[in-house]
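Note sheet for the following structure.
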Amino acid sequence: MEHRKPSWFNITSLVLGFSFLYLPIVILVIYSFNASRLVTVWGGFSTKWYVSLLSNEQMLDAAWVTLRIGVTSATLATVLGTIAAMVLARQGRFFGRTLFSGMIYAPLVMPEVILGLSLLLLFVSLDQARGFWTIMIAHTTFAMCYVAVVVQSRLAGFDRSLEEAAMDLGCPPVKTFFTITLPQILPGVAAGWMLAFTLSLDDLVIASFTTGPGATTLPMKIYSQVRLGVTPEINAICTILVAIVTVGVITASLISKRQQVQRERDERMAIANQY
Amino acid sequence: MAKKPIGPVRRAFAPWEDPSAIPFIEFRNVTKRFGDFVAVDNLSLSIYEREFHALLGGSGCGKTTMMRMLAGFETPTEGQIFLDGQDLAGIPPYRRPVNMMFQSYALFPHMTVEANIAFGLKQDGMPAAEISSRVQEMLRLVKLEQFAKRKPHQLSGGQRQRVALARSLAKRPKVLLLDEPMAALDKKLREETQLELMTLQEDLRMTFLIVTHDQEEAMTVADRISVMDRGHIRQVATPGEIYEMPNSRFVAEFIGDINLFHGKVTQKQSEDAQLYCDLTDSTINIQGAGDVRVGDEVTFAIRPEKVRISLDKPAESNANVIQAEVWDIAYMGDVSIYHIKLAEDEFIRSVVANTTRLVERPITWDDKIWLSWDRDAGVILTN
């Protein structure tokens, strides 16, 4: 393909667009290495805020709570969301299908405040002590629909005759799901889990509504600290979060890219070998 | 009705002619409806052990539905299906002693060739040593020994097809179902595979049921063919009978090329009849006319390769002879198809084998020629 010289217009658009997206994050990362206590004044390079973060037990506790909620709610949401997606993709037409699929997708567009409030009312009326478990359940509720959407799109491209072939060869339906269907939709299920996990990780609104004593998540902690003024410590923990997410995304895309390249090479070899 | 022989045919295997033979697979008044659509309409069919049977028809004729009902993926709305004396109603696909080779092959992408073939055997709880020897046997059978560790996407289309075949044969099913097994192969590979499939079926002494829309494929591989149309079976017979003695216009036109003429029976004496055909404004003599009466309006059908053409009037007096004119010639390499004009916009086709390397044809455009065919060369189709 011909390499065209990029025009000034294109370069400018690109720079402006990316600045808009990433400048705030870059500033945050830079200031996390600021030696000065004042957030807006550069006082030289330092990693001391990262060190002090390690001794900030409240922050570490909040991180630990967030991680536990994220993993459990993402796992639960993945199981429920996958089941919902299977029903929607496989059951064909049944009574109330439109209602059912509408209800699964509703939390996608429902304002978080309303979701949080209604869950709070539910927990109060059930006389449920609020804390870790209520946040976990709340996160499962709203993350499940995202998982259902992701898994359903994967199921749409799934060749049903694979399941029929398995059953034809003597494999009962439930075993067929675990040996044939699940390995095939695994990328979708994994993507759904990652999505649910990140949604839980950065949720502030719903967690605030459904929390109780002793269960403070990281976003809640950060938010309450910021109200007392932005400290470089906050910048440091946010930088760590950004780093974790970036590494995760890059690793995932590298793996899938390599698999695709390998697959294409194999297919070319197979075609070349057939004669 | 006793079938008239079509000349001397060597027939080693014909259980359907034996009235005491017990069918191996039996569809008994089977109907399948999808909503308002009737896919299979009150259909009965018997298939015998070790038979290679083909369900042949266009798309939507119900052939695939028949196969899927036998495999257990669809439940008949009415009627029963028996396999080896057992009513299959209520038996789920994973407990039926039949295996299917899918049109898309449906190989498990995350498993190696070996694991694909072993999959069905594992479900039966066969000991590992036995599984591995059976898998080796299957790989040898389809000549893929060196590909055992490959994944399906590392194979060519033809190789995948053979893995699918090996996988469906591994459990030694009572019946092997083949759903358009060669649709994805190119012509040359398809012809080779058809021959391999026939040899395999003879060697394994198994019952094969194939679904296909390709009439040549059905003619090549099958012992008997069921020609299907809109949920009905139009004719069940051997390839030879289907071709030479079609029982209806539909079958005659579906299989191969054929000339059809409208006519009226003017004479009938035992098996011989005379037909008046307005198109040629002549009478046609027919030997073996079957159940027709004087005055019946019928269709006379004759295959193009049975119509001879010559420049001189043929000497034999027994044949039907008509004078006409060459309108067009289609040169196909191995044969030439002559379109011969009988009347305005009415043509008869004659296929002539190109036995010599003549570039100059002895008979060419606008030649006045003689058409002739033997009295027993065509068939009368009522309805």
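Below, the figures for the structure above:
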{"item": "Selection status of B:Asn99, facing chain A (nearest Cβ under 10 Å) and under 19 Å from A:Leu182 (Cα atoms)", "result": "no"}
{"item": "Residue check for B:Asp203: open to solvent by 60 Å² or more (accessible area, probe 1.4 Å), away from every other protein chain (no Cβ under 14 Å) and over 28 Å from A:Glu264 (Cα atoms)", "result": "yes"}
{"item": "Breaking point among (1) open to solvent by 70 Å² or more (accessible area, probe 1.4 Å); (2) at pLDDT 80 or above; (3) not hydroxyl-bearing (Ser, Thr, Tyr), for A:Leu108", "result": "(1)"}
{"item": "Conditions (1) over 24 Å from B:Gly378 (Cα atoms); (2) in contact with a Gly (Cβ under 7 Å, 6 or more places away or on another chain); (3) surrounded by fewer than 21 Cβ atoms within 10 Å (Cβ to Cβ); number of the one not met by B:Asp229", "result": "(1)"}
{"item": "So A:Ile69, is it farther than 24 Å from A:Ala156 by Cβ, in contact (Cβ under 8 Å) with a residue 12 or more places away in the chain and open to solvent by less than 30 Å² (accessible area, probe 1.4 Å)", "result": "yes"}
{"item": "Search result, residues across region B:138-184 that are under 29 Å from B:Lys63 (Cβ atoms), outside any helix (DSSP H, G or I) and among the charged types (D, E, K, R)", "result": "B:Lys171, B:Arg172, B:Lys174, B:Asp179, B:Glu180"}
{"item": "Residue in region B:109-121 that is open to solvent by 60 Å² or more (accessible area, probe 1.4 Å), within 13 Å of chain A (Cβ to nearest Cβ) and within 23 Å of B:Glu196 (Cβ to Cβ) present", "result": "no"}
{"item": "Selection count where residues are open to solvent by 50 Å² or more (accessible area, probe 1.4 Å), closer than 24 Å to B:His262 by Cα, under 25 Å from the mean Cα position of the chain (by Cα) and at pLDDT 85 or above, scope region B:332-383", "result": "2"}
{"item": "Residue satisfying condition, being among the hydroxyl-bearing types (Ser, Thr, Tyr), touching a strand residue (DSSP E or B) at 6+ places or on another chain (Cβ under 6 Å) and within 30 Å of B:His153 (Cα to Cα), within set B:Thr31, B:Thr64", "result": "B:Thr64"}
{"item": "Residue check for B:Leu185: modelled with pLDDT under 90 and within 12 Å of another protein chain (Cβ to nearest Cβ)", "result": "yes"}
{"item": "Hits in region B:32-44 (condition: in contact with a helix residue (DSSP H, G or I) (Cβ under 9 Å, 6 or more places away or on another chain) and surrounded by fewer than 20 Cβ atoms within 10 Å (Cβ to Cβ))", "result": "B:Phe34"}
{"item": "Matching entry among A:Gly214, A:Gly188 (being in contact (Cβ under 8 Å) with a residue 12 or more places away in the chain, open to solvent by less than 60 Å² (accessible area, probe 1.4 Å) and not polar (S, T, N, Q))", "result": "A:Gly188"}
{"item": "Residue under evaluation B:Met219, criteria (1) under 21 Å from B:Met66 (Cα atoms); (2) of a type in the set (A, V, I, L, M); (3) open to solvent by 60 Å² or more (accessible area, probe 1.4 Å), criterion not met", "result": "(3)"}
{"item": "Restricting region B:253-274 to residues that are in contact with a Phe, Trp or Tyr (Cβ under 6 Å, 6 or more places away or on another chain) and in a strand (DSSP E or B), the residue that is nearest to B:Arg234 (Cα to Cα)", "result": "B:Phe261"}
{"item": "Flag if B:Ala71 is open to solvent by less than 10 Å² (accessible area, probe 1.4 Å) and within 10 Å of chain A (Cβ to nearest Cβ)", "result": "yes"}
{"item": "Those strands (runs of 3 or more DSSP E) lying entirely in region B:40-102 with at least 3 residues farther than 23 Å from B:Arg162 by Cα", "result": "B:78-83"}
{"item": "Any hit, region A:166-181, residues being in contact with a Ser or Thr (Cβ under 9 Å, 6 or more places away or on another chain) and surrounded by fewer than 19 Cβ atoms within 10 Å (Cβ to Cβ)", "result": "no"}
{"item": "Residue, least open to solvent (accessible area, probe 1.4 Å), within region B:125-180, restricted to residues that are among the basic types (Lys, Arg) and more than 20 Å from A:Glu164 (Cα to Cα)", "result": "B:Arg134"}
{"item": "Listing of helices (runs of 4 or more DSSP H) fully contained in region A:61-169 that carry 3 or more residues being charged (D, E, K, R)", "result": "A:161-168"}
{"item": "Filtered residue count, region B:74-103, keeping only those that are surrounded by 18 or more Cβ atoms within 10 Å (Cβ to Cβ), more than 25 Å from the chain's Cα centre (by Cα) and aliphatic (A, V, I, L, M)", "result": "1"}
{"item": "Matching entry among A:Thr12, A:Thr40 (being of a type in the set (Ser, Thr, Tyr) and either open to solvent by 80 Å² or more (accessible area, probe 1.4 Å) or touching a strand residue (DSSP E or B) at 6+ places or on another chain (Cβ under 6 Å) (or both))", "result": "A:Thr40"}
{"item": "In region B:122-134, residue farthest from A:Phe177 (Cα to Cα) [restricted to those that are part of a helix (DSSP H, G or I) and facing chain A (nearest Cβ under 9 Å)]", "result": "B:Lys122"}
{"item": "Residues being of a type outside the set (S, T, N, Q) and open to solvent by 30 Å² or more (accessible area, probe 1.4 Å) - total across region B:59-68", "result": "2"}
{"item": "Residue, nearest to the chain's Cα centre (by Cα), within region A:246-275, restricted to residues that are open to solvent by less than 70 Å² (accessible area, probe 1.4 Å) and more than 14 Å from chain B (Cβ to nearest Cβ)", "result": "A:Gly248"}
{"item": "One residue from B:Ala21, B:Ala54, B:Ala106 being farther than 20 Å from B:Ala218 by Cβ, small (Gly, Ala, Ser), touching a residue at least 12 places away in the same chain (Cβ under 8 Å) and more than 12 Å from chain A (Cβ to nearest Cβ)", "result": "B:Ala21"}
{"item": "Any hit, region A:151-164, residues being of a type in the set (Asp, Glu), within 25 Å of the chain's Cα centre (by Cα) and either more than 14 Å from every other protein chain (Cβ to nearest Cβ) or surrounded by fewer than 20 Cβ atoms within 10 Å (Cβ to Cβ) (or both)", "result": "no"}
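The values are calculated or read from the model by the stated rules, or taken from the named source; none is laboratory data. All values derive from a computational prediction rather than experimental measurement. As a convention, Cβ positions derive from the backbone with ideal geometry for all residues, glycine included, and neighbour counts pool all protein chains shown. Only protein heavy atoms, including side chains, enter the accessible area calculation; ligands, DNA and RNA are left aside. Shrake-Rupley method; radii C 1.70, N 1.55, O 1.52, S 1.80 Å.
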